[in-house]
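The values are calculated or read from the model by the stated rules, or taken from the named source; none is laboratory data. Just so we're clear, the structure is a prediction, and the values are computed from it rather than from any experiment. Every residue, glycine among them, receives a Cβ derived from its backbone with ideal geometry; neighbour counts consider all protein chains shown.
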Amino acid sequence: MIFKNQIITDLEINSVKDLYKLKPFLEDSTLKINKSQIARELDVDRRTVDKYINGYQKPYTRKSSNCITPFYDIIAELLSDNNQQVFYYRKVLWQYLIDNHNYSGDYCNFCFYLKKYEEFDSYFRKRRSSNTNQVTLRYETDMGKQAQLDWKESVPFILSTGETIEVNIFVLLLSFSRYRMYKVSLTKTQDILFSFLDEAFETFGGVPEEIVTDNMKTVMDEARTEYSDGKINVRFQQFADDYGFHVHPCIAGRPRTKAKVEAPMKILDEIRAYNGKLNYCELNELVKRINNRVNSQVNQGTGRIPLMYFQKEKAFLHSMPADTIRKPYQIVNHTAKVNHSSMFQYNGCQYSVPPEYVGKYVSLQVYDGYIHVYYSTDFITIHALSKNKLNYNSGHYAAIARKSHVFKEENIADRAKENLEIIGKVYGYE
């Protein structure tokens, strides 16, 4: 067997990488080596000189510890088929570990080691259609010129109580800075849209010149197509006129027209990682934290931090309309006190709440034909607006009866039902 050896053919020392050439002379004692002098000439530590003389070579790749091993059991549980939490992307899992399990590693290192575990890597492998044949013209707009509006619609979410609800997340994004605002809602009616837009404009400190939107029914009566300009809803056009912006609907079937707001929507899939962990109020807090984090991080498309460039852009927004114009579009909080019958009053009619709120003040938000009742930030119940003098929820009535000890425990449900029927007859409704 023949071995190929590296033969030293010169003794020129230009850097620490050349110091290995001195080792044979050091071993044979044929050359006296002043390591301190070499260290001064190369501007390095004497110990570095000794290390390189003895054959040290700097590795081309940095050694890093396996960051997955300490969290293996946690990740295995999170990604198991029995877990109702959903992680659509590796980045969602990485962020969840940072927020909830004190993980501190960087994202690139996390992905590198995660792929070494087939059971984890396979979880994230999905087939996606290729866009290589699609051509999109990139364009940018000046400061204050444009905002893009969208909804992430009907996202199923499991509350901590086990109940599954569908939430909708409103997004308004300023095109120049990429600064955005997220808002959660159980519905996406026009009243909600107006209220959220007003709140977003107030947060921005002004109104952009135009809003790009798709052909959602709350904005368009007839969709815009290649052959038609479409028809903007009269009420939404009045809202746009009152706030001083132009409505720019996309051509139906071309979502890339508002790609600035479409592309980042996947970050909101992060909420599915908290299935079964949060109540509705906590879900709103989570979306607010995501909103603040995204506005404070470097945007992949622009390489800029939205919050920093928003400070420049806000000076170019149009001023807000007068409060008298804004008020009809806002969802206003009302306050009511719960009486000893565990009911509050609104517009001359009474509505029930659970008996633990007797004597307390509750907040009311009235929109879409319903009264949404809150105590502090906790959602209590919802009632349809009614002209009936008394409006009981059967569950509330049974709880009131149970607390008042009027009926025997085994008869509460039946007696409550009978009493509600009698109340309906007395007050003229069935």
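Only one residue in ASN284, ASN292 is touching a residue at least 24 places away in the same chain (Cβ under 8 Å) and within 16 Å of the chain's Cα centre (by Cα), so which one is that? Break it down into steps so the answer makes sense when it comes.
Working: ASN292 fails: touching a residue at least 24 places away in the same chain (Cβ under 8 Å).
Of ASN284, ASN292, the one residue that is touching a residue at least 24 places away in the same chain (Cβ under 8 Å) and within 16 Å of the chain's Cα centre (by Cα) is ASN284.
Residues that are surrounded by fewer than 15 Cβ atoms within 10 Å (Cβ to Cβ) and either polar (S, T, N, Q) or part of a loop (DSSP other than H, G, I, E, B) (or both) within region 204-236 comprise GLY205, LYS217, THR225, GLU226, TYR227, SER228, ASP229, listed in sequence order. I'd like to know if region 296-317 contains one or more residues that are without any contact (Cβ under 8 Å) to a residue 12 or more places away in the chain, among the β-branched types (Val, Ile, Thr) and either assigned by TED's automatic domain parsing to the domain that holds GLU209 or over 24 Å from VAL207 (Cα atoms) (or both). Yes; the residues of region 296-317 include at least one that is without any contact (Cβ under 8 Å) to a residue 12 or more places away in the chain, among the β-branched types (Val, Ile, Thr) and either assigned by TED's automatic domain parsing to the domain that holds GLU209 or over 24 Å from VAL207 (Cα atoms) (or both).
The numbered conditions (1) surrounded by 11 or more Cβ atoms within 10 Å (Cβ to Cβ); (2) assigned to a loop (DSSP other than H, G, I, E, B) are all true for HIS340 except (1).
Scanning region 175-197 for residues that are buried (at least 22 other Cβ atoms within 10 Å of the Cβ), under 15 Å from TYR243 (Cβ atoms) and in contact with a Lys or Arg (Cβ under 9 Å, 6 or more places away or on another chain) turns up PHE194, PHE196. Assess whether PRO321 counts as being in the same structural domain as ASP198 (by TED's automatic domain parsing) and not hydrophobic (A, V, I, L, M, F, W, C). Here the answer is yes, as PRO321 does meet what is asked.
Results for (1) at pLDDT 75 or above; (2) hydrophobic (A, V, I, L, M, F, W, C), shown as yes or no for each residue.
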| site | (1), (2) |
| --- | --- |
| ASN5 | no, no |
| LYS23 | no, no |
| ILE38 | yes, yes |
| THR48 | yes, no |
| LYS51 | yes, no |
| ASN54 | yes, no |
| ILE74 | yes, yes |
| ASN82 | yes, no |
| PHE87 | yes, yes |
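Can you find even one residue in region 341-360 that is modelled with pLDDT under 90 and more than 33 Å from the chain's Cα centre (by Cα)?
Going through region 341-360, the residues modelled with pLDDT under 90 turn out to be 341.
Now restrict to residues that are more than 33 Å from the chain's Cα centre (by Cα): 341.
Yes, that holds for at least one residue.
Restricting attention to region 65-113, which residues are out of contact with any helix residue (DSSP H, G or I) (no Cβ under 7 Å at 6 or more places or on another chain), surrounded by 14 or more Cβ atoms within 10 Å (Cβ to Cβ) and over 21 Å from ILE158 (Cα atoms)? Passing the criteria: ILE98, GLY105, ASN109, PHE112, TYR113. Which of the numbered conditions does ARG326 fail, given that it passes all the others? Conditions: (1) part of a helix (DSSP H, G or I); (2) loosely packed, with under 15 Cβ neighbours inside 10 Å; (3) not hydrophobic (A, V, I, L, M, F, W, C). ARG326 satisfies all of (1) part of a helix (DSSP H, G or I); (2) loosely packed, with under 15 Cβ neighbours inside 10 Å; (3) not hydrophobic (A, V, I, L, M, F, W, C) except (2). In region 357-381, the residues that are more than 21 Å from GLN330 (Cβ to Cβ) and among the hydrophobic types (A, V, I, L, M, F, W, C) reach residues that are at pLDDT 85 or above and surrounded by fewer than 17 Cβ atoms within 10 Å (Cβ to Cβ) with C-beta atoms within less than 9 angstrom, at least six apart or across chains, in these pairs: VAL358/ASN339; VAL358/HIS340; VAL358/SER341; ILE380/TYR374.
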